[in-house]
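Contents: one structure, followed by commentary.
The values are calculated or read from the model by the stated rules, or taken from the named source; none is laboratory data. Computed from a prediction, not measured in an experiment: that's the story for all the values here. Cβ atoms come from the backbone with ideal geometry, glycine included; neighbour counts cover every protein chain shown. Protein only, heavy atoms only, side chains kept; ligands, DNA and RNA dropped before computing areas. Shrake-Rupley method; radii C 1.70, N 1.55, O 1.52, S 1.80 Å.
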Amino acid sequence: QVQLVESGGGLVQTGDSLRLSCAASERSVSMYSLGWFRQAPGSGREFVTAISWNGGLIYYAAFVRGRFTVSRDNAKNTVYLQMNSLEPEDTAVYYCAADPGPLYSTKWNPSYWGQGAQVTVSS
């Protein structure tokens, strides 16, 4: 059973940056697709970004608009989400996700989820 643990959430102001990290418990995750979803209060969970096992394929949601960057370090079994130019609309719980299958599109349905990290952007 793969366990994912997010860190790096917090309270920031509009225009600030924040980096989320997600560490996986299993070394096999180096061969998994990894990514991030988010869920704002009163809304459903939505796709943010995903990266293939070797970093060769990356997808972003349209709302990212070049502000976020996903990356991974397979030696550390960790995936990152660098978020710049944050807006109040980015306030949400951010979930790390992993799946052993290949990555095809933004319609990604991962098997494993982290517990979530709160990101709050004040205006």
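Per residue, how much accessible surface does the stretch 42-123 expose to a 1.4 Å probe? Answer in Å², no decimals.
Numbers: 4010 Å² over 82 residues.
Solvent-accessible surface per residue comes out at 49 Å².
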Open item on the list: Tell me the Rg and the Dmax, in Å, that the Cα atoms of the stretch 20-62 produce.
Closed with: 12.1, 35
TODO: Set the Förster radius R0 to 30 Å, insert the Cβ-Cβ distance between L11 and M31 as r into 1/(1 + (r/R0)^6), and round the FRET efficiency to 0.05.
DONE: 0.25
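Looking at the calculated P(r) for the stretch 71-123, what percent of the C-alpha pair distances fall above 16 Å?
Values: 785 of 1378 pairs.
Roughly 57 percent, once rounded to a whole number.
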Task: Total formal charge among the other residues, if their Cβ is under 12 angstrom from that of Q118, Lys/Arg +1 and Asp/Glu -1 - done: -1
TODO: Starting at the first residue of the stretch 100-117, write each ³J(HN,Hα) from the Karplus equation 6.51 cos²θ - 1.76 cosθ + 1.60 with θ = phi - 60°, in whole Hz, x for Gly and Pro.
DONE: x, x, x, 9, 10, 6, 6, 8, 9, 10, x, 8, 10, 9, x, 8, x, 10
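From the protein chains alone at 1.4 Å, what is the descending order of accessible area for M83, M31, largest first?
M31, M83
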Open item on the list: Just want the answer: with Cβ charges of +1 for Lys and Arg and -1 for Asp and Glu, which residue in Y94, S17, T69 is farthest toward the dipole's positive end in the chain?
Closed with: T69
TODO: For the chain, report the translational diffusion coefficient in µm²/s to the nearest whole number, using Stokes-Einstein at 10 °C, 1.306 mPa s, and a Kirkwood Rh over Cα pairs.
DONE: 112 µm²/s
TODO: With a cut-off of at most 15 other beta carbons within 10 Å, and DSSP calling the residue loop, which trypsin sites (Lys or Arg not before Pro) in the stretch 46-122 qualify? Please list them.
DONE: R65, R67, K76, K107
Task: Simple Cβ-charge dipole of the chain, Lys/Arg +1 and Asp/Glu -1, about Cα centre, in debye nearest 20 - done: 200 debye
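One-quarter of the Cα convex hull surface for the stretch 1-44, in nm²? Spell out each step's value before the answer.
Values: hull surface 18.3 nm².
With the hull built on Cα positions only, its mean projection is 4.6 nm².
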